[in-house]
1. What's the local net charge at Leu96, with K and R +1, D and E -1, over the other residues with C-beta under 9 Å away?
2. Need one number: nm distance between label points at Asp55 and Thr9, each 7 Å from Cα along Cα→Cβ, rounded to one decimal.
3. Among Tyr116, Tyr104, rank each residue by its count of other Cβ atoms within 10 Å, from fewest to most, as a rough exposure measure.
4. Per 0.36 nm of contour for each residue apart, how much would the distance between Gln82 and Leu34 grow if the chain were fully extended, relative to their Cα-Cα spacing?
5. Can you give the local net charge around Ile61? Use residues other than it whose beta-carbon is closer than 11 angstrom to its beta-carbon, Lys and Arg +1, Asp and Glu -1.
6. Cα to Cα, under 19 Å, and not fewer than 8 places away if on the same chain: which lysines meet these conditions relative to Lys121?
7. What nm distance separates the two modelled labels at Leu25 and Asn48, each placed 7 Å from Cα along Cα→Cβ?
8. How large is the dipole of region 1-71 about the Cα centre if only Lys and Arg carry +1 and Asp and Glu carry -1, each at its Cβ, rounded to the nearest 20 debye?
Amino acid sequence: MSAKIDPNTLSNLEQVTTERLHLDLEVDFENKLLKGSVTLCHVVLQDNVDKVVLDTMTLDIYKAWLVNQHGGETAQDKTELQFKCGKVHHIYGTPLEIELDRKYQKGEKLSIQIAYKTTEK
């Protein structure tokens with residue numbers, strides 16, 4: 001494994017990179033919270049990538065989906081993915097590890113949608 005590109009992250013950015021993202025958020029002014037989803041469009045940088053690891057900080061994660069390439073918004077256009085939140089790091093936050101549906105190869109693209117809300121912290 002090569003040296004880490006960014007020592008200040010818990011993510012696996014040597015394996016995947018984010019090309020663009022789409023935010024869909026609802027603002028709850030009364031409770032000072034944001035709720036919604038982010039869709040991250042990734043490019044795979046190495047062969048045999050089976051997970052995406054992202055940095056998070058004080059978020060409640062509800063679900064993660066692989067968005068099919070033709071890009072609709074119905075349930076048939078998404079595949080639910082398993083995920084887990086790792087151990088909290090006092091500076092970097094909490095790693096969100098999303099298991100992919102298969103092993104992806106260098107150059108492939110994938111989009112992951114994550115439903116979440118912020119917390120009081």
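1. Values: positive: Lys84; negative: Asp55, Glu97.
Once all neighbours under 9 Å are counted, the net charge is -1.
2. In this crude label model, Asp55 to Thr9 measures out at 0.8 nm.
3. Tyr116, Tyr104
4. Additional length available on full extension: 15.0 nm.
5. Working: positive: Lys63, Lys84, Lys117; negative: Asp60, Glu97.
Charge balance in the 11 Å sphere: +1.
6. The reachable lysines, counting only those whose Cα sits under 19 Å from Lys121, are Lys32, Lys35, Lys87.
7. For the pair Leu25/Asn48, the computed spacing is 3.9 nm.
8. 60 debye
Any read-out appearing in this document is the output of simple, stated calculations on the displayed coordinates, not a laboratory observation. This is a predicted model, so every value here is computed, not measured. Glycine also receives a Cβ, built like all others from the backbone with ideal geometry; neighbour counts cover every protein chain displayed.
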